[in-house]
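The values are calculated or read from the model by the stated rules, or taken from the named source; none is laboratory data. The model shown is predicted, which means the values in this text are computed figures rather than measured ones. Backbone-built Cβ (ideal geometry, glycine too); neighbour counts: all protein chains shown.
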Amino acid sequence: MTPDYAGLFSALRPEISLVLGALLVLGLDLTLYRRHSPGGRLQLALWVGSLALLTAGFQVWRAEPGTVFGGVLIIDQLAMASRLGVLGLTLLTFGITQGSPARRQPAEYVAIMLLAASGLLLMAAAQQLLLAFLALELASLSLYVLAGFDRTRPESAEAGLKYFLFGGMAAAFLLFGFSLVYGATGSVELTEIARQIAAQGSNPLLVVGLVMVLVAFGFKVAAAPFHLWAPDVYQGAPAPSAALIASASKLAGFTLFTRLLWPAFGAAAGSATWLNSGAGWFRAVAALAAVSLVLGNVAALAQTSLRRLLAYSAIAHAGALLLGVLAVGSAGPGPLFYYALTYGLATVGAFGVIAVMETAGRCERITDLAGLHRRSPLLAGCLAIFILSLAGIPPLAGFFGKLTVFSAALHAGGIRSPAGGLAVLAIALSAVALYYYLMVLKQALVAGPADGAPPIKVPRAATLALVTAAALIVWFGMNPSALLGLF
Amino acid sequence: MSPLQFCLIFSGVLFSVGLAGALARSNAILVLLGIELMLNAANLNFIAFWRYGPASAPATGVIFVIFSIAVTAAETAVGLALVIAIHRHQRSIRLQEATRLKG
């Protein structure tokens, strides 16, 4: 095979423009803008970064479908859609970065976000184990730094370290799992791995490798019982970092996870009825989904911190998303992608509200939201849309995401199959989830403000980002085929 | 015992030692060390499978290892930076004392 470097270059143009954007942000900040105020430097960094994201988005849009460089990258509908999704969510995160407290190193913050986004883009298109590992590590290393970025707050450093230690262990599991898969199949290309597995069937080496990969991804998407980092990181990290970790990273993670499980390990899923599949990964993923759903929803009930509540709700949503992964085999990636993207939009929005409120005062406990409808009707309205979408109230996108994922799972095997049972469990737990989501809204919309709580001024960029996210949630909820029709 | 089996057993033991260290140690640097051991066990696997495993594209395993060593180095740099960040705040790197975030 002669390497096709021109093809590789043209396929990687989105990542290249992101990296160039990151360098440009750093360069301008160090030279022309060195003497400006931190606010001005942040503005410039965000403008240049947004420009890089938009350029990358344009290039993703124009990319030609197909495999690149002998199958290392695949540009298909799923890759394209989730690349655009990642870029859009990162752009929204930039919007809410404006609202958070001015940082001492604005350019570095934006540059690292761009690097994280380029790692996530590669994750969405990787079709080979080496590239998947490198992309995952590029994204993860950037996210560790982002979580620990706020040097003035010890909580941020602690969140960064905890995220790093759990993430490092997960990376080791992933690499070990990949090495066993390589040993069992003699290849790192997903297509070749799929052919080998179909030919030689299951073998112990492969099973151990697969379990280790599942552990690593369970960590990456914060599925119980590998969720321990999530509440601490969501609580301690700066709000924009937490938004990126919760939304774009999850979307890209699930895309890569789906690509690994279905096209590559599809033959090892277990038999079609899933009832007597001892060795398939289907049961393992179903177990992860069940534990995440139960633990996330039940633990969220006890939370008093808004961020920790969002973290436990993220664990519960990871369970629902894993259900979507199970349904990919019969329904295609559409429902999973729809759920992941709309969940990401709602989470970015919720963290955006937190970021704006933290600029104005504090927003640690749920009761700090009290009287938000008086202090800022805009924030309260947006928060209501995000939280109701997370809870799955029609006509918002969260409802349709749940509907399409659960119905895909029920269609896949009927109500008596494990996937169907999980869907019923998830529907029941949605009722539990409604309780804690409404507790948040009760504070924001009904309770009166504390004495002397001033009105909150929302910066323009944050207004734009929050309104866009809310509008997209409503629009995708009204027109689900806009996303589902892509697949 | 064939060389491949020996390598796999050795890397399995190395991975377990690393995992035990990462889970049981309270010093952040030693946890980092445990993670490094786990990653190196995986690298050993790649080399062993490349050398003794089923025939495949030449040098895939070695190239994977070279990349993963580079990634590991970057990871250590980030890890040490975060350890320093937490040391600035709590004047120690014992993980038991990192208990600000809980609920």
Q: Could you run through the stretch A:200-257 and say how many residues are touching a residue at least 60 places away in the same chain (Cβ under 8 Å) and either in contact with a Cys (Cβ under 9 Å, 6 or more places away or on another chain) or outside any loop (DSSP other than H, G, I, E, B) (or both)?
A: 33
Q. Does A:LEU18 satisfy the condition of being under 28 Å from A:LEU129 (Cα atoms) and either surrounded by 19 or more Cβ atoms within 10 Å (Cβ to Cβ) or of a type in the set (D, E, K, R) (or both)?
A. yes
Q. Restricting the search to the stretch A:183-199, which residues are of a type in the set (Val, Ile, Thr) and either away from every other protein chain (no Cβ under 11 Å) or assigned to a helix (DSSP H, G or I) (or both)?
A. A:THR185, A:THR191, A:ILE193, A:ILE197
Q: Go through the stretch A:102-118 and give me each residue that's among the small types (Gly, Ala, Ser) and surrounded by fewer than 24 Cβ atoms within 10 Å (Cβ to Cβ).
A: A:ALA102
(Q) Quick test for you: out of B:PHE67, B:PHE46, B:PHE10, pick the one residue that is facing chain A (nearest Cβ under 10 Å), surrounded by fewer than 18 Cβ atoms within 10 Å (Cβ to Cβ) and of a type in the set (Phe, Trp, Tyr). (A) B:PHE67
Q) Checking A:LEU130 against (1) over 19 Å from the mean Cα position of the chain (by Cα); (2) within 16 Å of B:ALA85 (Cα to Cα), which single condition isn't satisfied? A) (2)
(Q) Could you list, ordered by first residue, the pairs with Cβ atoms under 7 Å in which the first is in the stretch A:358-386 and in the same structural domain as A:ALA447 (by TED's automatic domain parsing) and the second is at pLDDT 90 or above and among the hydroxyl-bearing types (Ser, Thr, Tyr), at least 6 apart or interchain? (A) A:GLU364/A:SER305; A:ARG365/A:THR304; A:ARG365/A:SER305; A:ILE366/A:THR304; A:LEU378/A:THR463
Q.
Looking at A:GLU358, A:GLU364 in this structure, which one is under 30 Å from A:ALA450 (Cβ atoms), in contact with a Pro (Cβ under 8 Å, 6 or more places away or on another chain) and not polar (S, T, N, Q)?
A. A:GLU358
Q: Residue by residue through the stretch A:133-150, note down the ones that are under 19 Å from B:LEU39 (Cα atoms) and at the interface with chain B (Cβ under 8 Å from one of its Cβ atoms).
A: A:PHE133, A:LEU134, A:GLU137, A:LEU141, A:TYR144
Q) In this structure, is A:TYR109 of a type in the set (Phe, Trp, Tyr) and assigned to a loop (DSSP other than H, G, I, E, B)? A) no
Q | Counted residues, the stretch A:151-170 - those being facing chain B (nearest Cβ under 7 Å), within 23 Å of A:LEU131 (Cβ to Cβ) and under 18 Å from the mean Cα position of the chain (by Cα) | A | 1
Q: Determine which single condition B:ILE35 fails, assuming it passes every other condition in (1) more than 8 Å from chain A (Cβ to nearest Cβ); (2) in a helix (DSSP H, G or I).
A: (1)
Q) Do you know which residues across the stretch A:419-446 are surrounded by 22 or more Cβ atoms within 10 Å (Cβ to Cβ) and either among the charged types (D, E, K, R) or touching a Lys or Arg at 6+ places or on another chain (Cβ under 8 Å) (or both)? A) A:ALA426
